[in-house]
Every structure is written in structure tokens, then in C-alpha cells.
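See below for the structure under consideration.
The values are calculated or read from the model by the stated rules, or taken from the named source; none is laboratory data. What you see is a predicted model, and the numbers here were worked out from it, not measured in a lab. Cβ atoms come from the backbone with ideal geometry, glycine included; neighbour counts cover every protein chain shown.
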């Protein structure tokens, strides 16, 4: 009797070894060499800077602080009181995105930081009712917003803890903004 292994059992041994080792080799290769191009979010993720709770004033003179909106998601836009066409477009977009959230619109607030100390026109007040018109002229909150170019070029999304988390580009697509917000509202346990 010969003690030599049969060729069939050697093939089986190699096959079992390959099947056991292959997942490790493939996962290593995928982790280090495959960089996915796509991303889930439409807005640009930014370093989470917290908005200061410094006292501000609303355009009508009443006191305001971002602390009173803690627990809510915020769309923040920055513009002068003499709202141009782009300013008006941003206000319209954030109002519409908020309206499309079905049962969640109460979880979302809109804030317009007015940079020049003026008051918005009557049309903006009535058309964008529910927006917080905040006088931020010369306030440090404007420096806290991460912007590329001018702060007024973007719409910012602030989480319920007061951190700026997403920045939308100039002429952002409202559908992308809506999808981002839907995902966040679905997974968020706060706000």
C-alpha cells in the first residue's frame, strides 16, 4: 500500500484554501485600491462648525439666538435686505424644499441672515412667511459659515445641534436638496 495522496484530494484541498482566503484578499483589494466615485449627498459636506449662540436681533427688533432653534434642522441663507433675483430664488427654494417634506415640515426652519442691517421688503415678508429674518450685520455668525467665494453664494444646512453640515452651491438643484433632507430626517433621532 502506498501512502501517496491521491490527486483528487490535493485539488480539493487547494479549492477549499482558495475559497477561504479569497474574501480576505478581495476585501483588502477593495479597501485599498477601489475608491468609489459617487456619493450619496448632493450638498457639500463641510467641517461641522457650530453656530454661535450670540444674541442677535430679528429685522423687527425682537431678540434672537440660534439657541432658540436648537432641535430643528435649519436652512440658512445670507443676503442683503435689498433681495436680488438670486436671493429671491434661494428663499423660494428653501421654502419649497421644506414644503415637500410631507409629515416633517415642523422639523425644519428657514433663516435669512441679513448682512446690511436693513429690513426685507413687504413682498418677501408675506411670500416667505415663517422665515426668520435675522439682522446679522457685523456679527461673527457670518464668519462662521464655511463659504467658497461669498457667504451669499450658498444655502447652508444646519443640524439640530447647531452644526453647519452641508453647503449647497450657487443655483443648487432643489431636488438634490430635498433628497439630502429626506435622508437626514429619516435617520435623525433628534430634530
Only one of these is under 19 Å from the mean Cα position of the chain (by Cα), touching a residue at least 24 places away in the same chain (Cβ under 8 Å), within 22 Å of residue 53 (Cα to Cα) and not in a strand (DSSP E or B): 161, 185. Name it.
-> 161
Looking at the range 89-109, which of the residues that are touching a helix residue (DSSP H, G or I) at 6+ places or on another chain (Cβ under 8 Å) and not in a helix (DSSP H, G or I) is farthest from residue 123 (Cα to Cα)?
-> 104
In this structure, does residue 38 turn out to be touching a strand residue (DSSP E or B) at 6+ places or on another chain (Cβ under 7 Å), under 30 Å from residue 155 (Cα atoms) and modelled with pLDDT under 90?
-> no
Any pair with Cβ under 6 angstrom, 6 or more apart, that starts in the range 137-154 at a residue that is on the phi < 0 side of the Ramachandran plot and modelled with pLDDT of 80 or more and ends at one that is part of a helix (DSSP H, G or I) and buried (at least 19 other Cβ atoms within 10 Å of the Cβ) = 142/151; 145/151
Starting from residues that are surrounded by 13 or more Cβ atoms within 10 Å (Cβ to Cβ) and farther than 20 Å from residue 67 by Cα, keep the ones in the range 124-145 and report whichever is nearest to the chain's Cα centre (by Cα).
-> 128
Can you pull out the residues in the range 94-123 that are closer than 21 Å to residue 142 by Cα and crowded, with 17+ Cβ neighbours inside 10 Å?
-> 94, 108, 109, 110, 111, 112, 113, 114, 115, 120
Cβ-Cβ under 6 Å pairs, at least 6 apart or on other chains, the range 70-92 side farther than 22 Å from residue 164 by Cα, far side in a helix (DSSP H, G or I) = 83/124
Could you please find all residues in the range 132-156 being under 20 Å from residue 53 (Cβ atoms) and either in contact with a helix residue (DSSP H, G or I) (Cβ under 7 Å, 6 or more places away or on another chain) or part of a strand (DSSP E or B) (or both)?
-> 132, 133, 134, 135, 136, 142, 145, 151, 156
Among the residues of the range 110-130, count how many are assigned to a loop (DSSP other than H, G, I, E, B) and either touching a helix residue (DSSP H, G or I) at 6+ places or on another chain (Cβ under 7 Å) or under 22 Å from residue 48 (Cα atoms) (or both).
-> 2
